[in-house]
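The values are calculated or read from the model by the stated rules, or taken from the named source; none is laboratory data. Just so it is clear, the model here is predicted, and its values are computed rather than measured. Positions of Cβ are generated from backbone atoms using ideal geometry, with glycine treated the same way; all protein chains shown enter the neighbour counts. The protein model used for the area step is the full one, side chains on, heavy atoms only, and it has no ligands, DNA or RNA in it. Shrake-Rupley method; radii C 1.70, N 1.55, O 1.52, S 1.80 Å.
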Amino acid sequence: MTTAAPRVRALPSTARGLAFVLFAVAFGTNVSTPLLLLYRERLDLSATSVTIIFAVYAAGLLPALFLAGPASDRLGRRPVVVPFVVVSVLASAMFLGASAGLWVLLLARLAQGMVSGAVFSVGSAWMGELVPDQGAASRAAATALSLGFGLGPLTAGALAQWAPAPAITPFVVHLVLMAAALVVMRGVPETLLHPRGTGPLIDLGVPPAARQPFLRFVVPAALCVFTFPSVAAVTLPLRLQAAMPGIALAVTGAAAGLALTTGAFVQRLEKRLGPARAAPVGAAAGALGLSLGLVAAAVDAAWVLLPAATSLGVGYGLTLAAGLTATQRLADPAARGALVSTFYAVAYLGFGAPVVISLVGEGTSFDNGLKGLLACTVAITILLSLRLDRATVDRPRPAVTPTS
């Protein structure tokens, strides 16, 4: 006599459609990243200008992230998500005209940030309303976003390196994906049938009871989160560009894809470690990645970029998961969204790390900036290792969905 294996319930078709939309939008967020080296050469841009193009993404993302959630509670999910899916199409179309100058790149990258802030936050909430099983909903959204984040730069780097029309082909691929996403969007129903119509337009803040552990544990972890993949995707490729003749675009795409994909999937380890252990381990992994990057720069060994990116990805994933978990545990349940938004406000400062590193070296050398960042990361690792707030942050764990 045999016992039938339990049947795994498939996602509803509407949820699969939304997952494809999230994947397609996430794919486009970093298509431009490996092409930054190409833009630098074709437009004769300084290293600092290249890092600013990358960092302006956060300037669009943060306000959209904070405004989109409350707006979708007031208006519904579709009225917020659909327009920003269209903006994703427009952003990639703008990159096709990048030869017009720096201002086009800045505007397109700003639009990408706005799209990410709105679609990923509201789309994840929408998924939770389409799928009754909240665990399955979180996994579906996280998997779709993770695949998009990783495959976008990986595909774009390879196409820019070896396909014809390197500044155009990667965005054409994304536009095709977005055309399919717009068709699929028509079948995703509104889930918020009675929008509340009122509520705060933006909600930020740290409650007094959570202030000390938030400042001592969450803020240091948050500062690491997007600093690590930003260095892997922008600073190290710029530093090693001369050491990668004929393969710079492909290697840059692989480095960005490795960092983001590794970071997405390593977050499962945080569940076993707990945030009080995962955060210092993540910071230490980031310090190792920065050290490998400095070694690669010292000996012009471009191949070291890939293990460096992987280590930086581990640091990104663990500090993100640990910081989010601790934030959710510190928050008053009635105001959790406010504290999570504050966490992201700190975390997205990391997109500015390549700009700071470039300015420290006056746009000609990244080594001193990387050494300074390594010293700060070691200090953060030591601070987090003290586990001053372990009893506060190590409590039963809620679900975590990655965002980038």
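Structure values in brief
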{"read-out": "Phi-based couplings in Hz for the stretch 277-290 (Karplus 6.51, -1.76, 1.60; Gly and Pro marked x)", "value": "9, 5, 5, x, 4, x, 5, 5, 4, x, 5, 5, x, 5"}
{"read-out": "Mean Cβ neighbour count within 10 Å, used as a protection proxy, ranking 316-323, 75-82 highest first", "value": "316-323, 75-82"}
{"read-out": "Charge context of V50, other residues only, Cβ under 12 angstrom, K/R +1, D/E -1", "value": "+2"}
{"read-out": "Computed over the chain: relative contact order in percent, which uses C-alpha pairs under 8 Å that are six or more apart", "value": "23"}
{"read-out": "Relative packing of peptides 99-112, 236-249 - highest average C-beta neighbours within 10 Å first", "value": "236-249, 99-112"}
{"read-out": "Segment T191-V299, extension gain: residue separation times 0.36 nm, minus the distance between their alpha carbons", "value": "33.3 nm"}
{"read-out": "Per residue value of the accessible surface for the chain (all protein chains in place, 1.4 Å probe), Å²", "value": "40"}
{"read-out": "Highest average packing first - 36-43, 216-223, Cβ atoms within 10 Å", "value": "216-223, 36-43"}
{"read-out": "Carbon and sulfur %, accessible surface of the chain computed with the full protein complex present, 1.4 Å", "value": "67"}
{"read-out": "Under the Karplus curve 6.51 cos²θ - 1.76 cosθ + 1.60, θ = phi - 60°, whole-Hz ³J(HN,Hα) for the stretch 253-258, x wherever Gly or Pro sits", "value": "x, 5, 5, 5, x, 4"}
{"read-out": "Cα gyration tensor shape of the chain, rounded if a/c is under 1.5, else prolate or oblate by comparing a/b with b/c", "value": "oblate"}
